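To start, the structure under review is shown below, and the notes come after it.
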Amino acid sequence: MAVIMKTEEMSNFAMVWISVVASLCYCHSIAKFIKPGSTRFLLFLPVILLFLVLPLNLRTIFLGGPTSFFVSWLATFKLVLFAFGKGPLSSDPPLPLRSFVLLACFPIKIQTPFVKDSRKFSQKSPLNYAIKALIFATIWPVYQNKSSFHPKLFLCLYAIYTYTGLEIILAAVAAAARAWLGVELEPQFDEPYLSTSLQDFWGRRWNIMASNILRPTVYVPVREISGRLIGTKWDQLPAVVATFLVSGVMHEWIFYNIGRSKPTWEVTWFFVLHGVCLAVEIGVKKAVGGRWRLPPAVSGLMALAVVMASALWLFLPALMKCNADVMAHREMVAFFEFVKNNVAIRLRLDKAILFSSFRYYN
């Protein structure tokens, strides 16, 4: 039964991504004849709606989770921008099909000698990743003794494992993308535990991929509208809250894709809460100007305390209701069993071939 489920899941995974590539080829072709605007958007709309539901064909967290993020969120938002001649898919001259598909599907940066990213991210050393790998490795004994830990402590540990695991996986994927495809993966994290404020945490250090796509699709348009309504001094505040609201809804949809359980809206409220807190922080900074600021170490600890407390209250319990920890553990065990069995089979085959060769020559 497990083998059948694995085969079915891999078939569905292939079907989903074939559909994604075919749809993007259609969008790339349409853009050659239709100028940016509402007509192009209407022609893209079936693809955007398809991308929202395609990940529902996947049931595993390691295939369904990333596919939901890449296709239902990043790709749909990029297509919306592209429909109006904006975003990373819009360029002059137009992107070739291969680059268009890669850039639409994945959070990458096409490397060209003419385009340089002015933002600087910390260069992480091998020791940095080694420490995170050692931390992540403790997930096995912790999970095996899950009942021995206080639920809140386990949630804290699971948050650390999620962060360190994503860092390691994304570093490996980035290295593979650089070697095989000649592209750079956009950074996902920039040492969020070094944040000096909520603005620093959400804007520069945590889930940078999501921030990069939310900024042009939600933040900038809402700020332009609010600027005309309330003036440019405070236009940033409603834009921030709107951005976090959209982020919450998209996280809610990804959680539904993973767990298929009825939304409790805890995740949305988590992001709305942080949108309001960040708007207050920005408003206070604007009000006091440079006259008074907390030391970065103090403001950083306060920001991390707010993030962790609200995550333990709203975000992580919603993740656990999706059985994300159970699914991830089950799938990792199945993967390691698959690797072990295949290595054992290969060793037995090599042994049999070696024995046959020995008998033949002797």
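Things to note:
- Spatially near lysine pairs across the stretch 139-289, Cα under 28 Å, sequence gap of 8 or more or different chains: 4
- In a simple Cβ point-charge model (Lys, Arg +1; Asp, Glu -1; nothing else charged), the chain has a dipole of about 360 debye relative to its Cα centre.
- Ordering of 134-147, 207-220 by burial proxy (mean other Cβ atoms within 10 Å per residue, highest first): 207-220, 134-147
- Separation of the residue 45 and residue 98 label points, Cα + 7 Å toward Cβ, nm: 3.5 nm
- Net charge in the neighbourhood of residue 85 (other residues with Cβ under 13 Å of its Cβ; Lys, Arg +1, Asp, Glu -1) is +3.
- Contour minus Cα-Cα distance for residue 179 and residue 137 (0.36 nm per residue): 12.5 nm
- For the chain, the share of alpha carbon pairs falling in successive 10 Å distance bins from zero is 4, 19, 30, 26, 13, 5, 2, 1, 0, 0 percent.
- Reach of residue 124 by Cα under 12 Å, taken over aspartates and glutamates that are not fewer than 8 positions away in the same chain: 167, 190, 191
- Packing-based ranking, highest mean first, of 191-199, 268-276 given that Cβ atoms within 10 Å are counted: 268-276, 191-199
- Working note: 222 nm ellipticity from helices only, DSSP H runs with n ≥ 4, each -39,500 (n - 2.57), summed and divided by the residues of the chain, gives -22500 deg cm²/dmol to the nearest 500.
- Assigned charges on the beta-carbon of Lys, Arg, Asp, Glu; the stretch 149-206 dipole about Cα centre (debye): 160 debye
- Between residue 298 and residue 33, the contour length at 0.36 nm per residue exceeds the Cα-Cα span by 89.9 nm.
- Under-20-angstrom lysine pairs by C-alpha in the stretch 1-111, whenever the two are 8 or more apart or on separate chains: 7
- Rounded to the nearest 20, the Cβ-based charge dipole of the stretch 1-111 about its Cα centre (Lys and Arg +1, Asp and Glu -1) stands at 280 debye.
- DSSP H segments from the chain that extend 30 Å or more along their own axis, Cα-based, with Kyte-Doolittle mean of 0.0 or above: 2-33, 151-180, 236-259, 266-288, 324-361
Any read-out appearing in this document is the output of simple, stated calculations on the displayed coordinates, not a laboratory observation. Predicted, not measured: the structure shown is a model, and the values here were computed from it. Reconstructed Cβ throughout: ideal geometry from the backbone, glycine too, with neighbour counts over all protein chains shown.
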